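Below you'll find the structure, written out as structure tokens, and then a few comments.
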Amino acid sequence: MSLNPPTEHQLLVFWVGLLVILVAARLLGAVMQRIGQPAVIGELAAGLILGPSVLGKLAPDITDWLFPADDVQTGMLFTVGWLGVLFLLVSTGFETDLGLIGRLGRAAVIVSAGSLLVPAIAGFAVGWFLPMAFVGSDTERYIFALFVAAALSISSLPVIAKILGEMGLMRRNFGQLTLAAGMANDVIGWVALGLIAGLAQAGGLKLDKLAFTVVGLIVFFVVAFTVGQRVVDTALKRVRANGGDQLSGMTVVLVTTLSFGVVTQWLHVEAVLGAFIAGVILARSRFAEHELIRPLETMTAAVFAPIFFATAGLRVDLGLLADGETIMWALIVLAIASLSKFLGSILGAQLSFLPLREGAALGVGLNARGALEIVIATVGLSLGVLNDRSYTVIVLMAMATSMAAPPLLRRALSGWEGTPEERQRLDMEAQLASNIVVRGNRILIPTKGDVPSLLAAQVAGLTWPAETAVTLLTAGDASTVDVQAHRDVLFGRAVDHDIVDTPVADAVIAEAVLGYDAIVIGAPTGGETSEYVSEIMRRSPIPVVIVRGAASLNGR
């Protein structure tokens, strides 16, 4: 095997091109943020300026030197961009809370279905009737139409979350419902994109290859959420137990992301789907915390994502819009994409008996396509499903909807106070957020199965929020511990029971570093605190709550 490294000149061109792209993308991204727009708009604009649309026409020699039509040169630049996509999607997956959709119940399901199905049907119709000049060469019409359907149905969760966060609406009922619908759009959209990409790579509806992809995806999902989840939990638990150093945590994140990406790429459904699922799996781990992925998010936002979006902009040729047919269809696609998402969201809201204003705000918020739409367009172009003309139309549609969403959503939501029940919930959440002990994550209850331990569990059940998970920890003989009695006084919370052989205090301290908010200990009645309780109080890295009854349980 012979490895041929790039020449000195190729490396020079690569580094200069990378520098120019990064500086331009970051500068224009910052300008967009200053005027209340997502940074991705400026990053795409950097590519538009450096590509054939502007610099390529004003100074073609400079463009040809910076971005030569050379396989090695192009490969190096776009490899950096694809790493950006991978890291962007694992970050998006990490912010995706699948349980949120379930907690919001019927409304989340119906709004998600309406905001997904109506644009998908409209997108398929648009893709079916677009002239052949927009369809990639050697691409079946139905595959192209399915791809346009996926492009129109997805929403940009990062853009939505940014707007809601800036307006302080993230925990409002509307905000939670918008996030849930956006998450559902993303999850279903990425799975659909994976299947469509599999069809495209198979060259059409070939049952053997389609069966391989579909069955492979099903197996992948099952294994990822069972065996994969346990492996990730074990790895992150070990990281936390060893002090939680950032380097080890990042290694777990990257290995998980690349492993999942390899599997989905092998299944012909693109590595981006694997990266998204990796982020979901990492976030579901009880041993994960946001600090785990923060370094990757920072590097992605500062370097990889701007380079990816700028390289995506490089491939857009605005000169194609000089053709009257292209600009006409670009406006048609934009109008149908916006109206179908808006009307689908309102339909879902009405069927869920939500106010019309809330449905309209949902339609505006979910209309933002943003970064993920660019990823879809890039995948479509790389597969040959899209050509330069259709790629340009979809990218411009993503830019237009992302620019329109923030001001329209701010206007739709201004002065919205919510219902009395919602305001009461928000007040309670604010109180919990300022409480240094009682929080909603997970608590640790050491138990011997005695009355003080059961009393500690009962007090915890009455004090901590209902969503707080609990771990019961028993050192030594577990036969005396009635786990069901503890579950009964914890009122249906998620309860784990861990049994260890080490001394009680050592076991509690070793467990306490694994992501708990507090330790709740039942102390025996009497004047003196037991030796092991005193040792835990002295060594604990987290708050300790001591629960002591009166002379008897009946006299508490």
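Summary of computed values
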read-out	value
Any chance Phe67 is in contact with a His (Cβ under 9 Å, 6 or more places away or on another chain) and in contact (Cβ under 8 Å) with a residue 40 or more places away in the chain	no
Residues of the range 45-71 classified as in a helix (DSSP H, G or I) and modelled with pLDDT of 85 or more, total	17
Residue in the range 47-68 that is farther than 25 Å from Asp388 by Cα and surrounded by 22 or more Cβ atoms within 10 Å (Cβ to Cβ) present	no
Qualifying residues in the range 256-301 (those that are among the small types (Gly, Ala, Ser), assigned to a helix (DSSP H, G or I) and in contact with a Phe, Trp or Tyr (Cβ under 9 Å, 6 or more places away or on another chain)) - the one farthest from Val375 (Cα to Cα)	Ala283
Single unsatisfied condition, Leu86 versus (1) among the hydrophobic types (A, V, I, L, M, F, W, C); (2) outside any helix (DSSP H, G or I); (3) within 23 Å of Leu372 (Cα to Cα)	(2)
Flag for Leu354 being out of contact with any His (no Cβ under 8 Å at 6 or more places or on another chain), touching a residue at least 60 places away in the same chain (Cβ under 8 Å), over 16 Å from Ile154 (Cβ atoms) and crowded, with 19+ Cβ neighbours inside 10 Å	yes
Criterion (in contact with an Asp or Glu (Cβ under 6 Å, 6 or more places away or on another chain), assigned by TED's automatic domain parsing to the domain that holds Leu236 and of a type in the set (A, V, I, L, M, F, W, C)) met by exactly one of Phe353, Phe304, Phe342, Phe309	Phe309
Unmet criterion (only one of (1) under 27 Å from the mean Cα position of the chain (by Cα); (2) more than 25 Å from Ala181 (Cβ to Cβ); (3) not small (Gly, Ala, Ser)) for Leu116	(2)
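For every residue, the table says whether it meets (1) at pLDDT 80 or above; (2) closer than 30 Å to Glu270 by Cα.
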| residue | (1), (2) |
| --- | --- |
| Ala349 | yes, no |
| Val393 | yes, yes |
| Thr401 | yes, yes |
| Leu408 | yes, no |
| Pro420 | no, no |
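The values are calculated or read from the model by the stated rules, or taken from the named source; none is laboratory data. This one's a predicted model, so the numbers in the text were calculated from it and none came from an experiment. Here the Cβ is made from the backbone with ideal geometry for all residues, glycine too, and neighbour counts use every protein chain on show.
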